Amino acid sequence: TATPVIQYTGVVIDARGSRVCPALIPKILDEQGREVYGRANIDMQWARKEGMIGYTKDIKSLINNRRVKDNPLMIKALKTKGDGKSDLVISNVDARQIRIMAEKTSVLRQCKVIVVAD
């Protein structure tokens, strides 16, 4: 039998300590530098309306946040990448979960991603 897929309502990436800089078109990368979340994953109408990624400094503000709702997948960023420090690197295990989510839900297309920064 197949493992049941948890129905996540968004993605929260904890990037505290990484000195990430907010950007309009950031990327989430796996440990090999392959894109996990970026322009190719999103519906441009959603991105224009909501922004590709939300940013917050207050992790407590995520409770009932309408962007990620009540059951987001929580991920820890490993580091930033790129000159602007706006791209984030996550573990390959977390990247796999996001890729599965992208295939089975509209969470990424609808830009339901928030980064917690310092």
For the chain, set up a Gaussian network in which alpha carbons nearer than 10 Å are linked by springs, and say which option among GLY82, GLY54, GLY17 fluctuates the most.
-> GLY82
Loop sites only, by DSSP: take the trypsin sites (Lys or Arg not before Pro) in the chain that have at most 15 other C-beta atoms within 10 Å and name the longest stretch containing none of them.
-> 70-108
DSSP loop GluC sites (Glu not before Pro) in the range 1-68 with at most 14 other Cβ atoms within 10 Å of their Cβ, which ones?
-> GLU31
How many nm is it between the label spots at ARG19 and ASN71, if each spot is 7 Å from the Cα in line with the beta carbon?
-> 3.9 nm
Antiparallel content of DSSP bridges confined to the range 4-118, in %, to 5 | 25 percent
For the range 1-60 (alpha-carbon point model, no solvent) the Debye-based log₁₀ I(q)/I(0) at q = 0.21 Å⁻¹ works out to -1.07
Length gained, TRP46-ASP118, 0.36 nm per residue minus C-alpha separation, equals 23.3 nm
In a Gaussian network model of the chain with springs linking alpha carbons closer than 10 Å, the residue among SER106, SER86, SER61 that fluctuates most is SER61
Under a plain spin-label model, where a point goes 7 Å from the Cα along Cα-to-Cβ, how far apart in nm are ASN64 and ARG39?
-> 3.8 nm
How much length is gained if the chain between ARG99 and ASP83 is pulled fully straight, taking 0.36 nm per residue apart and subtracting their Cα-Cα distance, in nm to one decimal?
-> 3.2 nm
Indicate the gyration tensor shape class of the chain (rounded, prolate or oblate), computed on the Cα atoms with a ≥ b ≥ c the square roots of the eigenvalues: a/c under 1.5 is rounded; otherwise a/b larger than b/c is prolate and the rest oblate.
-> rounded
Percent of accessible area on the chain owned by carbon and sulfur, 1.4 Å probe?
-> 50 percent
Residue-normalised value, i.e. accessible area per residue, for the chain at 1.4 Å probe, in Å², stands at 60 Å²
Measure out, as a whole number of angstrom, how far apart the alpha-carbon centroids of the range 80-104 and the range 21-39 sit.
-> 6 Å
With all protein chains present and a 1.4 Å probe, the order of TYR55, TYR8 from largest accessible area down is TYR55, TYR8
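The values are calculated or read from the model by the stated rules, or taken from the named source; none is laboratory data. Please read these numbers as outputs of a predicted model, since none were measured by experiment. Backbone-built Cβ (ideal geometry, glycine too); neighbour counts: all protein chains shown. The area values use the complete protein model at the heavy-atom level, side chains included, leaving out ligands, DNA and RNA. Shrake-Rupley method; radii C 1.70, N 1.55, O 1.52, S 1.80 Å.
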